[in-house]
Amino acid sequence: MNKKSFIQNLGIENSTFSSPRQAEMVANLLNTVSSDIYSESQRFVFELIQNADDSAINNNNEVLFDFFSDCLIISHNGKPFDEKDIISITGAGASTKRSDSTKTGYKGIGFKSVFGKSDNVTILSGGFQFRFDKSAHESKKPWQIIPIWTELSELSNEIRSSISVNNFSVSTIIKTKQPEDLLKELNDLLSNGQILLFLRRVSKISVLHNGKPVSAIEKKIISQCTSFNEVSLFNKDGKEISTWITKTFEQISIPEETKAVLIQDENTPEKLKEAEFTELSFAAKIEERKLLSIPSKESLIFTYLPTKVSHFEFPFLINGNFLTNASREAIHEDRIWNQWLFKLSAEKIIEWIEVLANSKFKFQILHLLPTKFSGYLNQLKKSFNQSLEMSVKQKSFLPSRNAKLKKITEIVIDKTGLSELSFLKPETVIDFINQKQKTDFNTDSFVNKELERIEKLRNFGAKFFDNDNLESFFTSENFKENHKPAENFDLITYFYEKAVNKEESKEYEHILKSMQFIYTNENELSSPQSVCFPSIAYKTEFGERVTVIHSEVYSKIEQNSHIKNWLESLGVKEPSDEAYLENEIIGKIKSCIDEDNYIARTRFIFNLFKKGKLTEKHYKKLQDLKIFTTKNDFRAAKECYLSDFYEPTLRLQKVNVEGTYVSITYKH
């Protein structure tokens with residue numbers, strides 16, 4: 001049978017129904033498939049690109065769109081049509097790709113999306129030339145499956161010329177009333193080039209208008225290695241649009257338990273029920289030679305072509321045989337297959353990250369680390385979370401300072417930077433962390449400081465040494481035993497640099513005012529609010545001095561006015577009566593009074609009172625000053641009354657004999 005006869009016979013067969021009502025029912029169903037399900041005009045473009053990818057013979061194929069005043073021609077150099085292809089395209093749900101794991105499509109209805117935009121579609125391929133033409137039928141029939149042989153002479157001159165010049169093996173001519181609108185939508189669709197990333201065999205898509213180039217995108221593999229392929233996307237002028245690294249995990253075995261469930265599921269395509277293996281692909285964006293996470297709004301899930309699914313907000317693009325709805329605009333959340341693929345996705349992205357940890361992108365790998373889903377969790381998110389948590393703990397992908405890859409349970413993240421300082425032994429920090437958190441880290445447990453986005457690890461239980469730990473660290477015996485005056489200026493400089501950093505200044509200013517980090521003349525560490533500059537000689541009237549900064553440390557501070565001014569802003573003062581009051585008495589309010597000094601120090605405070613140098617702030621803090629009482633013990637001032645000896649306005653001593661009264665020893 002010749003090709004024309006084959007088409008004519010198939011047309012008669014597909015237009016023969018037992019009754020007009022039956023023909024109308026099939027016609028209505030096909031209208032629903034082509035118009036209602038494929039509601040978005042871009043979808044039929046996707047379907048035709050997918051058909052080109054599935055039928056391609058080699059790995060560098062081009063799809064060409066040529067727009068004219070009343071039609072669009074889509075051409076490619078894939079395998080020419082044969083009788084099986086024509087029987088498939090004139091049916092519904094009978095795809096020739098069902099049993100072929102190398103093909104993307106499997107539903108057998110994808111081509112029908114073309115009829116949502118056109119009532120007249122012509123196909124020229126392999127010597128077959130036929131059309132689907134709504135106007136050729138008087139009664140209501142399913143014209144979308146009735147092929148009509150078409151002579152080339154029936155086509156316009158410009159269409160014949162375009163087909164002759166471009167000479168592709170498959171051309172589809174789609175008549176449409178608004179080709180200009182479709183041209184604009186197509187250019188928008190192709191603008192970022194990402195549609196090419198996961199196609200197996202199409203590497204270029206070109207757009208013409210009346211035979212003249214309008215736009216194009218092309219995928220080129222820049223380099224290949226076991227870790228990734230580096231791929232660049234280009235426009236028609238050869239200008240780079242973007243660069244990506246991609247990784248495909250092939251021949252992934254499907255577990256027997258998953259296959260058993262799929263076989264029982266009537267909604268699972270036969271192609272997947274019979275499959276022994278599947279594959280998953282990832283793409284990560286590169287900018288200025290660095291690996292970056294993609295914005296959440298661009299984070300689409302691909303089924304070789306992009307879906308509309310972006311709400312999972314992965315920091316990478318992912319591609320797989322996800323089960324989608326008919327329009328491929330969403331994936332089914334309740335399907336066992338998709339739940340297994342999500343579990344697999346978490347496992348494989350961590351596996352890829354582990355591989356990348358040995359590549360030039362080793363310090364940017366955490367840009368690709370997904371965050372665990374929170375809030376309402378459907379089965380897809382639950383499957384992903386469980387697998388992600390397990391994979392993160394099992395894989396060694398975090399570089400230590402000595403470039404060894406470690407598991408998340410084997411690393412500690414020093415957010416303070418203390419362990420990197422030359423004047424502070426990392427062993428000191430590690431010993432403190434181990435004592436504090438009951439861990440068993442060593443100095444090679446510190447994660448490499450060049451690793452980016454380390455905060456992501458917090459949600460997976462990584463151990464952090466944060467700024468909140470600073471105060472307890474500097475007051476610990478670990479630090480005090482190892483820190484010397486010769487190193488103290490370097491420590492002060494470290495804090496100064498942290499404090500002037502805009503991102504950290506507020507947090508540090510608050511902590512540092514009361515933190516003991518300045519070496520004193522008494523060879524102890526003191527806070528800024530409890531120490532003075534040794535700039536002048538000072539003694540109280542009874543011969544006591546203020547605590548001052550160690551001379552070895554101060555000699556260096558004097559040479560750096562910025563640091564000295566900064567210390568002053570934290571509370572370091574020049575020696576004076578007020579400084580003595582605030583530092584030696586109020587600053588040590590619970591321990592500053594004893595039997596040997598209580599009279600002298602209390603008289604000192606009284607003299608400041610007489611000079612009018614006490615403020616409301618002083619009075620408030622002095623309520624806790626220890627006072628010697630008639631019971632021969634010391635009590636806080638706020639707990640005491642004046643004894644009758646001092647002739648108070650209200651004499652209570654004889655009335656309330658159990659009260660606490662100020663001793664008369666202060667009269668001397």
I'd like to know if segment 340-360 contains one or more residues that are surrounded by 20 or more Cβ atoms within 10 Å (Cβ to Cβ), of a type in the set (A, V, I, L, M, F, W, C), out of contact with any strand residue (DSSP E or B) (no Cβ under 6 Å at 6 or more places or on another chain) and in a loop (DSSP other than H, G, I, E, B).
no
Please state which one of Lys438, Lys404, Lys382, Lys456 is touching a helix residue (DSSP H, G or I) at 6+ places or on another chain (Cβ under 6 Å) and charged (D, E, K, R).
Lys456
Phe432 versus (1) under 29 Å from the mean Cα position of the chain (by Cα); (2) open to solvent by less than 30 Å² (accessible area, probe 1.4 Å); (3) on the phi < 0 side of the Ramachandran plot: which is the lone unmet condition?
(1)
Go through segment 304-323 and give me each residue that's among the hydroxyl-bearing types (Ser, Thr, Tyr) and open to solvent by 10 Å² or more (accessible area, probe 1.4 Å).
Ser310
Residue selected from segment 609-668 under the condition of a type in the set (A, V, I, L, M) and open to solvent by 40 Å² or more (accessible area, probe 1.4 Å), by the criterion farthest from Asn597 (Cα to Cα)
Val655
If you go through segment 284-292 one residue at a time, do you hit one that is touching a residue at least 24 places away in the same chain (Cβ under 8 Å), out of contact with any helix residue (DSSP H, G or I) (no Cβ under 6 Å at 6 or more places or on another chain) and farther than 22 Å from Arg453 by Cα?
no
Candidate set from segment 297-324 (those that are among the polar types (S, T, N, Q) and touching a residue at least 40 places away in the same chain (Cβ under 8 Å)); member that is farthest from Leu280 (Cα to Cα):
Thr303
Pull out all pairs, ordered by first then second residue, where Cβ-Cβ is under 7 Å, the residues are six or more apart or on different chains, the first lies in segment 517-530 and is assigned to a strand (DSSP E or B), and the second is open to solvent by 80 Å² or more (accessible area, probe 1.4 Å).
Leu525/Lys480
Which strands (runs of 3 or more DSSP E) does segment 221-303 wholly contain that include 3 or more residues that are out of contact with any Pro (no Cβ under 7 Å at 6 or more places or on another chain), open to solvent by less than 60 Å² (accessible area, probe 1.4 Å) and modelled with pLDDT of 90 or more?
229-235, 240-253, 277-287, 301-303
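Listed here are the residues, each with its yes/no results for (1) assigned to a helix (DSSP H, G or I); (2) surrounded by fewer than 16 Cβ atoms within 10 Å (Cβ to Cβ); (3) among the hydroxyl-bearing types (Ser, Thr, Tyr).
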site: Lys141; (1), (2), (3): no, no, no
site: Ser161; (1), (2), (3): yes, yes, yes
site: Val165; (1), (2), (3): yes, yes, no
site: Ile174; (1), (2), (3): no, no, no
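The values are calculated or read from the model by the stated rules, or taken from the named source; none is laboratory data. Please read these numbers as outputs of a predicted model, since none were measured by experiment. Don't worry about glycine lacking a Cβ; one is built from the backbone with ideal geometry, like all the others, and counts go over all protein chains shown. With ligands, DNA and RNA removed, areas are computed over all heavy atoms of the protein, side chains included. Shrake-Rupley method; radii C 1.70, N 1.55, O 1.52, S 1.80 Å.
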